[in-house]
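Undergrad: Structure below; questions to follow.
The values are calculated or read from the model by the stated rules, or taken from the named source; none is laboratory data. From a predicted model like this one, the values you see are computed outputs, not experimental measurements. Heads up, the Cβs are rebuilt from the backbone with ideal geometry, glycines too, and the neighbour counts pull from every protein chain shown.
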Amino acid sequence: MIESNSKLNEPSDPSDRWFILLLVSLNYFTLFLHREMIFFVLPPLKETLGLSEVQQGWLMPAFIFPYGFSQFFMGYLSDRFRRRNILIYSLTASVLALGAMAWADSFRQLLVLRACLGFAQAASVPAIGGIMADCFSPKIRSTAVAIYLMSQTAAVIAAGWAGGSIAEAPSWTLPLVGDLAGWRTAMLAFSLIGAGLIVILTLFLREPERTERSQGKSLSSEEGSHGFWKTLHSVLRVPSFWILAIIFLLFALVMTARSGWLAKYFHDTFDMTLGDAGRFSTVWIQISSIVGLLLGGVVADRWSRRWRGGRVATCAIAMVAWIPALLIIGTSESEWLIATAMVFFGLALGVYNTNLWTTTFEVIDPAARSTSLGLLNVFSSFPSLASPFIGALKDQGYIDNYGSAFTGLSGVALIIVLLFVLHIWVTLPRDFIGPEAKSE
């Protein structure tokens, strides 16, 4: 265990940190918009390209596997090179991949371009995590992450609402292009949003000074420690990291089903229009997740000052709500009851998301932060296989609708809660390297 050291965990809090937070939040909003919008245009896309349910399911792992596994190396780059440049290059590649996807004429082309999108975005989140850790001290770090993650919430709502509405039109007439199918127009429009943001980041985003390295024992203060394998080993030798990674894997399993099939479940089961299904599947969850983000950030920051397990306990308590919420979403025929369940689902989602990075940073050497976030995304790649698996179950008649999948995932939520309890009482006391709480 690395000795706890308050100096080790005290960034300089630059005066422009909130402006930097705004810029990286806009960056993540755009990247998530590019990533998620395809799931809200599936019915017209399926009709145009003649996709089966299984093929639609493969659109998720086509993105996630390149995105996740390339972070095995991408996270390390952000620990060693200028993160500002990495973010600009990553967004540029994402814009090009999504723009090309608007012209796909076959499932194979769509799949390849989804993989390119995954590669393009892989370096972004580790870079953003490192920037934010250098701009905000542990005292307000969860709150800062909560504000940042509101961009993800806004992106899902925008993808479901605007993307679904644009795609619902049979075609749009565009200057220099002519008539273009609705789903192609949505992709092109979201790609152009990213192009505008590239200009803004190039002009205004600066590289913040790296902190917490020269103030205590860390990888960067040891001779020859800049090697990839040594940094990787420093993360993987921490038992707490393995528990947090498994929790994130299970969390990603639930979110894969939610992203890939929830809107389609409502479209098929409740005879909603494409736009209505996109709104219903996103608005309740995403608006309540904003409350969860802010509440979870403030509570975790305050509780962690008095008890080192405060951040993790905040997550564990919140995730209990997922167990009944998933059961109701998968079985209820009442739209209002489902909406209520999605509110509680969103609250817990927000609390967990806002503390994912900060609970990881409590047990990881500061010089390996981006690497640790990259590894978390490697773990979260595996559940993407659940999307085509669920599609195959539906195609072959093993399940009548996608609600059965959400019902079964309530058991996954229970396992998540139990793992959090294990982490609080067994591994966290041994691996904790954050600032000591005032009292325990």
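Undergrad: Among (1) surrounded by fewer than 20 Cβ atoms within 10 Å (Cβ to Cβ); (2) of a type in the set (A, V, I, L, M); (3) within 22 Å of ALA154 (Cβ to Cβ); (4) in contact (Cβ under 8 Å) with a residue 60 or more places away in the chain, which single condition is ALA339 missing?
TA: So the condition that ALA339 fails would be (4).
Undergrad: Separate question: Count, please, the residues in segment 285-336 that happen to be of a type outside the set (A, V, I, L, M, F, W, C), touching a residue at least 40 places away in the same chain (Cβ under 8 Å) and surrounded by fewer than 18 Cβ atoms within 10 Å (Cβ to Cβ).
TA: Here the count works out to 5.
Undergrad: Which one is surrounded by the most Cβ atoms within 10 Å (Cβ to Cβ) among residues in segment 182-197 that are more than 15 Å from TRP172 (Cα to Cα) and hydrophobic (A, V, I, L, M, F, W, C)?
TA: LEU197
Undergrad: Which helices (runs of 4 or more DSSP H) sit wholly inside segment 237-327 and have at least 3 residues that are of a type in the set (S, T, N, Q)?
TA: So the answer is 239-269, 274-306.
Undergrad: Still on this structure, I have one more. Only one of LEU149, LEU117 is in a helix (DSSP H, G or I) and farther than 26 Å from GLY346 by Cα. Can you tell me which?
TA: Result of the check over LEU149, LEU117: LEU117.
Undergrad: Search segment 175-189 for residues that are within 14 Å of LEU42 (Cβ to Cβ) and pair each with any residue that is modelled with pLDDT of 90 or more and buried (at least 22 other Cβ atoms within 10 Å of the Cβ) when their beta-carbon atoms are under 6 Å apart and the residues are at least 6 apart or on different chains.
TA: Sorted first by the residue in segment 175-189, then by its partner, the pairs are MET187/LEU98; MET187/MET101.
Undergrad: Also: Name, by its number, the condition in (1) surrounded by fewer than 20 Cβ atoms within 10 Å (Cβ to Cβ); (2) over 17 Å from the mean Cα position of the chain (by Cα) that does not hold for PHE382.
TA: Status for PHE382: all satisfied but (2).
Undergrad: A follow-up question, please. Of PHE379, PHE361, PHE389, PHE406, which residue is at pLDDT 85 or above, farther than 21 Å from ILE243 by Cβ and of a type in the set (Phe, Trp, Tyr)?
TA: Unique residue meeting the criteria: PHE406.
Undergrad: Look through segment 196-229, keep the residues that are among the basic types (Lys, Arg) and within 22 Å of ILE86 (Cα to Cα), and return whichever of them is modelled with the highest pLDDT.
TA: So, considering only residues that are among the basic types (Lys, Arg) and within 22 Å of ILE86 (Cα to Cα), the one modelled with the highest pLDDT is ARG206.
Undergrad: Test ALA122 against the stated conditions and say whether it is of a type in the set (Gly, Ala, Ser), farther than 28 Å from MET272 by Cα and surrounded by 24 or more Cβ atoms within 10 Å (Cβ to Cβ).
TA: yes
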